[in-house]
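The values are calculated or read from the model by the stated rules, or taken from the named source; none is laboratory data. The structure presented is a predicted model; accordingly, all values stated were derived computationally and were not measured. Here the Cβ positions follow ideal geometry from the backbone for every residue, glycine too, while neighbour counts run over all protein chains shown. In case anyone asks, the SASA skips ligands and DNA or RNA and just uses the protein heavy atoms, side chains included. Shrake-Rupley method; radii C 1.70, N 1.55, O 1.52, S 1.80 Å.
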Amino acid sequence: MEREIGVQLFARSSRRVELTAAGAAFLPEARASVAAADRARAEAAAATGELRGTLAIGLIPTVTAVDIPDLLGTFRQAHREVSVSLRVGASDELVAAVIAGALDVAFLGLAEDAPVTGVSSRDLAHHRLVAVVGDDHLLGQRRRLRLADLGEHPFVDFPAGSPGRAQSDRAFERAGLTREVPYEVTSTDLALGLVRAGLAVALLAPQMVPEQDGVRSIPVQGGPTRVEHLAWSGFNPSPAATAFVDLVQREQ
């Protein structure tokens, strides 16, 4: 290849090999060419009714609108020649990856008033978050709460500035209330563990709260709403991505 294009792509010694400046400039286009060749093979196979290629899926760790393992199992049964990969991350990171072409589709969770921009999307579910407290918490016997009731207690929530936390922060801001969030986590299991231990309260989608496991959920008047979305690139999606989006829409 170096002889064909007339430049040195690699600097070599007996102990190491690394890209030259020309090699570093050549690499992105080389990767794009390989990806285009893979896409061409997938498109040709799809024209005969057989899907091939890859499908890169992103999702937040708190998806509840669909059963991800069941969905992937159904897709695999129908399209065994498609290689599927899965990546967990925050909604803003996943949208950026779809726009960049690093992901084909993504499952997002955003505040009710947060638009999905730069990609095609479909709403999957709207969830009014519930308060989650330990069985022995002093709020545990209440049948309904207000945000003001919760603001007096320490919270466990997702990291500040993350899409997973935005809906709760906005609800408190709109109500003119403040809250203390000493526990910032990325795992729902850890959040529930801290609630179970009596260290904090939380606001979570009701589907995430186990029944009779040392915690209880309580409706919150004026509480935040989270919307789950399916997002994908509307610009020339691969046959595998199109088939997956269609499957999700049929399963809804």
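List of remarks:
- Estimated FRET transfer efficiency (T242, D113; beta-carbon r; R0 35 Å; 0.05): 0.75
- Rounded to 10°, Cα long-axis angle of helix 239-251 versus longest principal axis of the chain: 20 degrees
- Added length on full extension, which subtracts the Cα-Cα distance from 0.36 nm per residue, E152 to R128: 6.6 nm
- Computed E for R174/F10 - FRET, C-beta separation, R0 51 angstrom, nearest 0.05: 0.35
- Alpha carbon Rg of the stretch 38-178, scaled by the compact-globule rule 2.2 N^0.38 Å: 1.38
- Difference of contour (0.36 nm per residue) and Cα-Cα distance, A100 to S83: 4.2 nm
- Fraction of alpha-carbon pairs over 23 Å apart in the chain - percent: 60 percent
- Percent carbon-and-sulfur accessible area, the stretch 136-225, ignoring ligands, DNA and RNA, probe 1.4 Å: 46 percent
- Percent of beta bridges antiparallel (DSSP, the chain, rounded to nearest 5): 60 percent
- For the chain, accessible area per residue (1.4 Å probe, heavy atoms of protein chains only), Å²: 55 Å²
- Rounded to 10°, Cα long-axis angle of helix 91-100 versus longest principal axis of the chain: 20 degrees
- FRET E, pair A25, R76, Förster distance 30 Å, beta-carbon r, rounded to 0.05: 0.15
- Nearest-ten-degree value, helix 21-47 long axis tilted from longest Cα axis of the chain: 80 degrees
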